[in-house]
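Student: I have a structure I would like to understand better, so I am pasting it below and will then ask my questions one at a time.
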2 protein chains.
Amino acid sequence: MESNSSQHQKEPDTEKKILTAAGKVFMIKGKAGTSMQDIADEAGINRTLLHYYFRNKDKLFDAIFDDVLKKIFPIVAKVFMDKNPLFEKIESFCILYIDMLKDKPFLPFFLFQEIYINPKRLVGMIKEGGLDTFVGRESMKKELHQHGVDDMDPRHLIANLIGMVIFPFVGRPMFQKLAFNDDQEAYEIFLEQRKKEVPEFIKCALKGRNISST
Amino acid sequence: MESNSSQHQKEPDTEKKILTAAGKVFMIKGKAGTSMQDIADEAGINRTLLHYYFRNKDKLFDAIFDDVLKKIFPIVAKVFMDKNPLFEKIESFCILYIDMLKDKPFLPFFLFQEIYINPKRLVGMIKEGGLDTFVGRESMKKELHQHGVDDMDPRHLIANLIGMVIFPFVGRPMFQKLAFNDDQEAYEIFLEQRKKEVPEFIKCALKGRNISST
DNA sequence: GTCTATATCGGGATAGAC
DNA sequence: GTCTATCCCGATATAGAC
């Protein structure tokens, strides 16, 4: 019988509520800028419960950070590991990544910031993720060659791709204000458009480059 | 005579040292993550001097932030305001921006973060900068038209441009590790290459798009 | 598991001597 | 202008009652 637990709120899962709240607040305010109280407020619970479940702030942050990595790595890896044709990979990357960022816009931000401050994390991260060296670069070069592009380091292509996808999210407040007069709705549409716009841009760039060199 | 000041270290300018140190530390650790002691250590001075010169942490941060804005705005504005041909604007933007970021790699980071946390700043910022509404968009559309591109919102072009330029800096630790096996030197070269690579990529993209639609 | 009360510490800020 | 000493508060963290 668990009828006696009815008074205890029987919250669907306090731990889960904490993780959700912490993820949200940490992402926006950063680790240092976030207090345990902030998280407790966001979760609607007592502050000391955070310690009960996660011992201390560091541990809680780590839990969030690991979680974030688990979500983002498979997506990034897709571009390098997949066996699909180049443009298909790029397209699916854009869709996946943009959808994820719509859900968690601060994610790249959060990631990059923490790694800047604490680069050690990167080492363990990579070993766990099994991305020890950068596989797939040679194969990408080959793919570019098949499209008639021989004079481009694939890493430039990767940087271009990721940069184009990420920017509207990390720079959102500024860009939305300056370029969209703070029209939220228009910006949402813009973000959605980029799922097609970015792959198209890349496709044209590679095609244009190809033609120019013949 | 100022011979009597010889004991006093006669520092070339304490205030300047503070600004330099604060700029560095704030950018890397963020406002919340930086303590006054951190800055004092970086500057090699006593902590209370920071208060003597800037009263409190907020004021010191504001001084840094304003300074950053003054540097970055003219560069960004250049893309929209200039009367040069489109590709020249893009090229000079890339060179200016990349050179600046080589000097202050955390700058976009720092900017975006602060604006995310404190969007109010944006308002005052824009009014000071005189960028009230987004001028230059129509003229950009015209320019694109001259290049045979009619089906592209110039804002996508802007987002692409800025994203491509910024990413290698904000994502540096991760990207350098994953794509360059942490080879610092190779990465510097890569960054330098992007001054040509990005404009070239854009040029080809627009050309490719143009041809495809004819 | 959840709460209240409390210990402890670090960081911001000021006063005042030099 | 620069330093030491000190105040104060906010935030982490723990102990212990329920």
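Student: Within segment B:62-111, which trypsin sites (Lys or Arg not before Pro) sit in a loop by DSSP and count at most 12 neighbouring Cβ atoms inside 10 Å?
Tutor: B:Lys83
Student: Next question, about the same structure. Once the convex hull of the C-alpha atoms of the protein assembly as shown is built, how many Å³ does it hold per residue, rounded to a whole number?
Tutor: Convex hull volume per residue, Cα atoms: 202 Å³.
Student: Would you mind working out the magnitude of the charge dipole of segment B:24-168 relative to its Cα centre, with +1 at each Lys and Arg C-beta and -1 at each Asp and Glu C-beta, to the nearest 20 Debye?
Tutor: Charge dipole of segment B:24-168: 460 debye, to the nearest 20.
Student: A follow-up question, please. Averaged over peptide A:86-94, how many Cβ atoms belonging to another chain are found within 10 Å of each residue's Cβ?
Tutor: 0
Student: For chain A, take the longest principal axis of its alpha carbons; what is the angle in degrees between that and the long axis of helix A:120-129, to the nearest 10 within 0 to 90?
Tutor: Taking the Cα atoms of chain A, the angle to A:120-129 is about 70 degrees.
Student: If you average 1/r over all unlike Cα pairs in chain B and invert the result, what Kirkwood radius do you get in angstrom?
Tutor: 19.9 Å
Student: Now for a different question. Would you tell me the mean number of C-beta atoms belonging to other protein chains that fall within 10 Å of each C-beta in A:171-182, as a whole number?
Tutor: Across the residues of A:171-182, the mean count of other-chain Cβ atoms within 10 Å is 6.
Student: Assign unit charges at the C-beta atoms only (+1 for Lys and Arg, -1 for Asp and Glu), then state the dipole size of the protein assembly as shown relative to its Cα centre in Debye, rounded to the nearest 20.
Tutor: Computed about the Cα centre, the dipole is about 120 debye.
Student: While we're here: Taking B:Gly33 in one copy and the same position in all the others, each labelled 7 Å out along Cα→Cβ, what are the pairwise distances from the first, in nm, shortest first?
Tutor: Going from nearest to farthest copy, the values are 1.1 nm.
Student: A further question on this structure: Helix B:86-103 versus the longest principal axis of chain B: what angle, 0 to 90°, nearest 10, using Cα atoms?
Tutor: Approximately 30 degrees, to the nearest ten.
Student: While we're here: Where the label is 7 Å out from Cα toward Cβ, how close does A:Lys83 come to the same position in every other copy, in nm, shortest first?
Tutor: Copy-to-copy label distances for A:Lys83: 5.9 nm.
Student: Hey, another quick one. Could you tell me which residue out of A:Ile28, B:Tyr53, A:Pro199 lies farthest along the dipole of the protein assembly as shown toward its positive end? Charges go on the beta carbon: Lys and Arg +1, Asp and Glu -1, centred on the Cα centre.
Tutor: B:Tyr53
Student: Right, another one. Simple spin-label model, 7 Å along Cα-to-Cβ: B:Ala186 to A:Asn210 in nm?
Tutor: Simple spin-label model gives 2.8 nm for this pair.
Student: For chain A, take the longest principal axis of its alpha carbons; what is the angle in degrees between that and the long axis of helix A:14-33, to the nearest 10 within 0 to 90?
Tutor: Here the helix axis deviates by roughly 60 degrees.
Student: I would also like to ask the following. Using the number of other C-beta atoms within 10 angstrom as an exposure proxy, rank A:Met152, A:Met81, B:Met100 with the fewest first.
Tutor: By the 10 Å Cβ count, ascending: A:Met81, B:Met100, A:Met152.
Student: What does the structure give for A:196-206 when I average, per residue, the other chain Cβ atoms found within 10 Å of the residue Cβ?
Tutor: Mean inter-chain Cβ contacts per residue within 10 Å come to 6.
Student: Oh, and also: Once you order the gyration tensor axes a ≥ b ≥ c over the Cα atoms, which shape class does segment B:19-63 get: rounded for a/c under 1.5, otherwise prolate or oblate by comparing a/b with b/c?
Tutor: It is oblate, given that a/c is not under 1.5 and a/b is not larger than b/c.
Quick note: the coordinates plus some simple rules give every number you see, no bench work behind them. On a predicted model such as this, the values are computed, not experimentally measured, just so you know. Cβ sites come from the backbone with ideal geometry, for glycine too, and all protein chains shown count toward neighbours.
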